[in-house]
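Right, one structure below, let's go through it.
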Amino acid sequence: MFAVTVTFTLHPDRMEAFLPLIQENARTSLETEAGCHQFDICTDPDRVNEVFLYELYSDADAFQTHLASPHFKLFDEAVAGMVASKDVRLYRTVAQ
């Protein structure tokens, strides 16, 4: 398995617009990408402008397929103005 974590810091007051877009991206990824096995969206009311993602893919190629997918590209374009910063981390080994 190949894990990806993403921490989005959103511009103030953008959470309400951002969440439905990331939820649709996650749903579509899980439904249409054979290599996407998990796509968790995490928030905390104490960090009102932060969204944390935990994603599991079969391998690095499956993640690259995700990044190249039309639904991801649409999501990325739609949220570009909402995101103040984004930290992406890749984990090539997942112990089970």
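Numbers at a glance
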| read-out | value |
| --- | --- |
| Wholly within the range 1-82, helices (runs of 4 or more DSSP H) carrying at least 1 residues that are in contact with a helix residue (DSSP H, G or I) (Cβ under 8 Å, 6 or more places away or on another chain) and among the small types (G, A, S) | 15-32, 70-79 |
| Residue pairs meeting the criteria (Cβ under 9 Å; at least 6 apart or on separate chains; first closer than 27 Å to A17 by Cβ, in the range 44-64; second among the basic types (K, R) and modelled with pLDDT of 95 or more) | N49/R14 |
| Top-ranked residue in the range 1-20 [being β-branched (V, I, T) and under 16 Å from A80 (Cβ atoms); ranked as nearest to the chain's Cα centre (by Cα)] | V6 |
| Enumeration of residues in the range 51-61 that are over 10 Å from the mean Cα position of the chain (by Cα) and surrounded by 18 or more Cβ atoms within 10 Å (Cβ to Cβ) | L56, Y57 |
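The values are calculated or read from the model by the stated rules, or taken from the named source; none is laboratory data. The model shown is predicted, which means the values in this text are computed figures rather than measured ones. For neighbour counting, all protein chains shown are included, and Cβ atoms are generated from backbone atoms with ideal geometry for every residue, glycine included.
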